[in-house]
Amino acid sequence: MKFLCGSIILTFLSFLSYSQSSYSSSQGGTVNYKITDQQAPHPSLVLNFDFVDMDFGVKNIDGASLNLGLRGYVLATDQTGIDYSFQKSWLTGNLSGSNVDYELGGHFLLSDNIKNKNTKIILDYDISKNYNGPRTTETISSTTIFIPAERRILRGVRGGLIGKSGPIGVNDIEGVISADATLNSTGIYAGVIQKSLINVFAEVTGRGIMYNSSGRDISFDVMYFPSQTFNIDDSEGIELTSNIIENELDGGSLGWRIVYTQYQIEKKTKTGKRFGMTQQYEFGVKPYQGFYFGASLGLTLIKMHKGPLF
């Protein structure tokens with residue numbers, strides 16, 4: 001079991017970074033540029049597809065999983081939106097169970113301001129490999145410039161429903177030799193959110209149009225799970241109930257989390273890219289999982305600019 005869980009974590013980390021790689025960045029010196037556009041759009045519909053998503057709880061090793069997922073939002077009005085998220089596992093630490101996470105909620109924006117901040121634009125980058133016997137090192141270097149540009153900052157509140165169904169380890173309970181259990185939890189979340197929209201295009205002498213464009217959301221939520229039940233498949237014939245598991249594992253019903261999301265916001269006609277990379281990182285505390293970490297990598301499939309639904 002520990003080997004399988006370790007494999008899950010290592011498999012995901014391989015998507016996040018190059019093994020034994022180093023990164024260096026240098027500024028482009030004196031560079032002439034002219035900003036051609038810095039108006040950041042707020043897409044009315046964003047759909048992100050996560051081709052790899054990891055969920056890992058410190059107190060629930062059996063629940064570690066690699067998932068596929070969809071997440072994003074739909075604007076109902078200029079100030080309100082519907083948030084959604086769904087993940088389904090394709091590999092879990094407990095081979096007999098699967099993991100499903102889902103959320104459906106909304107947000108209400110209280111402010112929409114423009115701030116001027118130094119914004120990094122990558123002019124070029126290079127990846128070089130050095131071979132030393134069985135070891136390979138990679139160096140990623142880039143040339144960047146920082147230019148003062150507008151950044152659109154939106155702040156508000158959010159909340160909604162949250163649910164999970166996935167494996168949970170019960171072998172630490174006295175007298176249990178081999179039992180598989182699934183935790184089914186349903187609750188609510190409420191918190192604050194800040195959206196930072198960057199959309200800077202500059203004509204750089206000798207390089208043409210270069211840009212930095214993305215949406216970056218950060219939120220803090222408090223979670224409450226009033227409904228938590230367990231399904232037990234006990235091959236040893238030991239009778240377990242939800243109450244016994246709750247008493248032994250002492251999971252509680254409250255939790256919190258911090259979520260950071262980056263996604264694409266500009267149309268293909270300006271960036272030349274139909275899709276773009278998206279990532280999400282989540283850290284916090286959940287009942288029966290303790291401290292947990294989640295991370296996702298994927299593609300922004302849709303970024304619609306047709307205005308709110310209403």
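Each reported figure results from applying straightforward, stated rules to the coordinates on display, with no laboratory input. In this text, all values refer to a predicted model and were calculated from it rather than measured experimentally. So basically every Cβ, Gly included, is an ideal-geometry build from the backbone, and we count neighbours across all protein chains shown.
Structure values in brief
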read-out: Ordering of 113-125, 216-228, 253-265, 56-68 by burial proxy (mean other Cβ atoms within 10 Å per residue, highest first); value: 56-68, 253-265, 216-228, 113-125
read-out: Estimated FRET transfer efficiency (LYS34, VAL192; beta-carbon r; R0 45 Å; 0.05); value: 0.75
read-out: Residue-span extension gain [TRP256 to LEU309] - 0.36 nm each, minus C-alpha spacing; value: 16.0 nm
read-out: Residue-span extension gain [VAL100 to LYS270] - 0.36 nm each, minus C-alpha spacing; value: 57.5 nm
read-out: Difference of contour (0.36 nm per residue) and Cα-Cα distance, TYR281 to THR137; value: 49.2 nm
read-out: Volume per residue of the C-alpha convex hull in region 249-310, rounded to whole Å³; value: 116
read-out: Spin-label pair ALA76/ASN113, simplified geometry with 7 Å Cα→Cβ offset, distance in nm; value: 2.7
read-out: Set of lysines with alpha-carbon distance to LYS120 below 28 Å, sequence-local pairs under 8 removed; value: LYS34, LYS129, LYS195, LYS267, LYS268, LYS270, LYS273, LYS303
read-out: Region 30-89 - Debye-derived log10 I(q)/I(0), Cα point model, q = 0.23 Å⁻¹; value: -0.93
